[in-house]
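Participant: I'd like to ask some things about the structure below.
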Amino acid sequence: MSGTLLSLAQQYLEGRLRPVDFASKFIEGWRFERDSDLLVKDDPVLSELLSDVFSLADNFNPDEDREDYEFNELQFFSWYAIA
């Protein structure tokens, strides 16, 4: 079901999407799938992984005024790459 979200993740890891573009597109796509009850059709492991990526993307802030719990670009990629 979540082929689009997985494709976005692959594009990001391959460097074809900037972090800010990936984060906004992933958040938008995840919320759409959640609100459309598409996420519940995924395998539970995949659903949990996508939820974790959503949380990471939601805590990404490319601006200098980020909170302590927010990630800059390097931290975001590092956390995402090991997730």
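The values are calculated or read from the model by the stated rules, or taken from the named source; none is laboratory data. In this text the structure is predicted, and so the values were computed from the model without any measurement. Please note: Cβ atoms are built from the backbone with ideal geometry, for glycine as well, and neighbour counts cover all protein chains shown. Note: areas computed on protein heavy atoms with side chains; ligands, DNA, RNA excluded. Shrake-Rupley method; radii C 1.70, N 1.55, O 1.52, S 1.80 Å.
Participant: Hey, does segment 60-69 have a residue that's assigned to a helix (DSSP H, G or I), in contact (Cβ under 8 Å) with a residue 12 or more places away in the chain and open to solvent by 50 Å² or more (accessible area, probe 1.4 Å)?
Facilitator: The answer is no; no qualifying residue exists.
Participant: Just one of the numbered conditions (1) in a loop (DSSP other than H, G, I, E, B); (2) touching a Pro at 6+ places or on another chain (Cβ under 7 Å) is not true of Gly15; which one?
Facilitator: Failing condition for Gly15: (2).
Participant: Looking at segment 14-43 only, could you name the residues that are open to solvent by 100 Å² or more (accessible area, probe 1.4 Å) and farther than 19 Å from Phe60 by Cβ?
Facilitator: Asp35, Val40, Lys41
Participant: Which of the residues belonging to segment 70-83 are open to solvent by 40 Å² or more (accessible area, probe 1.4 Å) and part of a helix (DSSP H, G or I)?
Facilitator: Glu73, Leu74, Gln75, Phe77, Ser78, Trp79, Ala81, Ile82
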